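To start, the structure under review is shown below, and the notes come after it.
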Amino acid sequence: MLSLVQFETNPRLQQALSGLELAPVSPDSNLQNRRLLFAVAVDEAGPGAAFYAFLRRLRRERDALAGSVACLVVDGDTELYTKAAARELVLAANRAGCLLPGRPLVEATGSLYNQHIQARNLGLSWEETYFLRVRELAWRLERFQPPRFRRPRVLMLHASDQKRSNTLALGRAVCAQLEDCCDIRELQLLNGTVYDCRGCGYHACLHFAQNNTCFYGGVVAQEVLPAVREADLLLFLCPNYNDALSANLMALINRMTSLVVQQELRDTYLAAVVVSGYSGGDIVAQQLLGAMSLNRGCILPPDFCLLQTAHDPGDAMKATGAAAETENFARRLREALLP
């Protein structure tokens, strides 16, 4: 039976959860080694005080959710704050030791307009679609088994300068710890070779995808997307550019639509190295997990992201504890991937 951890409520959220076999538990209780369904009601001012108190607990207790697997339902009164609340909770839970399956979020905005595409495809009302998706999420959470690989295929993706990049240095240090048990491939997304998504309609995108390409073709369609399709772990190297992912990485993520319309990434793990020159690594980590896990469907292994602050070339590897951090990060990836 799933354990329900709930923060605030509203009638629609209660109706969405009705009929599910859930055992309510307190956010203050022992939440290790459980199947957790987080349910969050968000009003016009955002989540309530209990939600933020729980985030503080998770950020302090780095093993609070060790051994647990979680998904979440976030229901809002308005069009705002639902996704922001979800990304904050996912990052805090993941850093506290929790694994999250791909697409672990069902989000309901106030109008439920965010359900309208799936509702049209299913021939249901927006509300019926929302309730169905919550039931399907609970079913997936209850049955989810993390995939394991005898020799995982790791794809390291970056758009970094080969000589100056702290992010690339950390990423290669992590991969050096994995070489004995993984097949590792490195792809650099060079400036001028990656065009952002054109925004084709669904059927046009599907047409290109069925021919293993997209509107722009080029290196992304010919080399990068096939490599993504074959990988068991995607390791993104993410320098912090103005508190955001770099343009080339974001363009690649946008272009992945032509891949995921045909092949889900539900058996693909996501990991990242995020380096900030000053601060804000958590913001970049939230952006990446939102794009690649909540939307694209990758699995988040426990503590999926190595966060570091370093500005001048070489600072990341010189930082106190950097060697231990990379070793521990690689160890966590081994534990997630290997039988």
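The values are calculated or read from the model by the stated rules, or taken from the named source; none is laboratory data. Model, not experiment: these values are computed from the prediction. Using ideal geometry, Cβ is built from the backbone for each residue, glycine included, and neighbour counts are taken over all protein chains shown.
Brief remarks on what is shown
- Only one of the listed residues (L37, L72, L58) is under 23 Å from C305 (Cα atoms), of a type in the set (A, V, I, L, M) and out of contact with any strand residue (DSSP E or B) (no Cβ under 6 Å at 6 or more places or on another chain). That residue is L58.
- For L259, the conditions (1) assigned to a loop (DSSP other than H, G, I, E, B); (2) out of contact with any strand residue (DSSP E or B) (no Cβ under 9 Å at 6 or more places or on another chain) are fulfilled apart from (1).
- Cross-chain or 6+ apart pairs with Cβ under 7 Å, the stretch 14-40 first and over 16 Å from E142 (Cα atoms), then assigned to a strand (DSSP E or B) and polar (S, T, N, Q): V25/S3
- The listed residue being loosely packed, with under 14 Cβ neighbours inside 10 Å and assigned by TED's automatic domain parsing to the domain that holds L89, out of S26, S68: S26
- The listed residue being of a type in the set (A, V, I, L, M), under 22 Å from E264 (Cα atoms), modelled with pLDDT of 90 or more and in the same structural domain as D267 (by TED's automatic domain parsing), out of L187, L170: L187
- Residue selected from the stretch 253-284 under the condition buried (at least 24 other Cβ atoms within 10 Å of the Cβ), in contact (Cβ under 8 Å) with a residue 60 or more places away in the chain and of a type in the set (A, V, I, L, M, F, W, C), by the criterion nearest to F144 (Cα to Cα): A271
- Looking at L170, L155, just one residue is among the hydrophobic types (A, V, I, L, M, F, W, C), in contact (Cβ under 8 Å) with a residue 60 or more places away in the chain and part of a strand (DSSP E or B), and that residue is L155.
- Selection status of A204, modelled with pLDDT under 95, assigned by TED's automatic domain parsing to the domain that holds A323 and either outside any loop (DSSP other than H, G, I, E, B) or touching a Phe, Trp or Tyr at 6+ places or on another chain (Cβ under 7 Å) (or both): yes
- Every listed requirement among (1) crowded, with 17+ Cβ neighbours inside 10 Å; (2) small (G, A, S); (3) in contact with a Pro (Cβ under 8 Å, 6 or more places away or on another chain) is met by A96 save one, (3).
Yes or no, residue by residue, for (1) in a loop (DSSP other than H, G, I, E, B); (2) of a type outside the set (A, V, I, L, M, F, W, C):
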residue	(1), (2)
N248	no, yes
A251	no, no
Q263	yes, yes
D267	yes, yes
A272	no, no
V275	no, no
A285	no, no
N328	no, yes
R334	no, yes
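- Check on A221, small (G, A, S), closer than 20 Å to R153 by Cβ, surrounded by 16 or more Cβ atoms within 10 Å (Cβ to Cβ) and not assigned by TED's automatic domain parsing to the domain that holds P104: yes
- Looking across the stretch 282-335, the residues that are closer than 15 Å to C98 by Cα and either assigned by TED's automatic domain parsing to the domain that holds C71 or among the acidic types (D, E) (or both) come down to D303, E335.
- Checking each residue in the stretch 107-147 for being polar (S, T, N, Q), surrounded by 17 or more Cβ atoms within 10 Å (Cβ to Cβ) and touching a helix residue (DSSP H, G or I) at 6+ places or on another chain (Cβ under 7 Å) picks out T109, Q115, T129.
- Residue count for the stretch 148-168, restricted to those that are surrounded by fewer than 23 Cβ atoms within 10 Å (Cβ to Cβ) and of a type in the set (A, V, I, L, M, F, W, C): 2.
- Out of L338, L294, L245, L289, sole residue that is of a type in the set (A, V, I, L, M), buried (at least 22 other Cβ atoms within 10 Å of the Cβ) and under 24 Å from D183 (Cα atoms): L289
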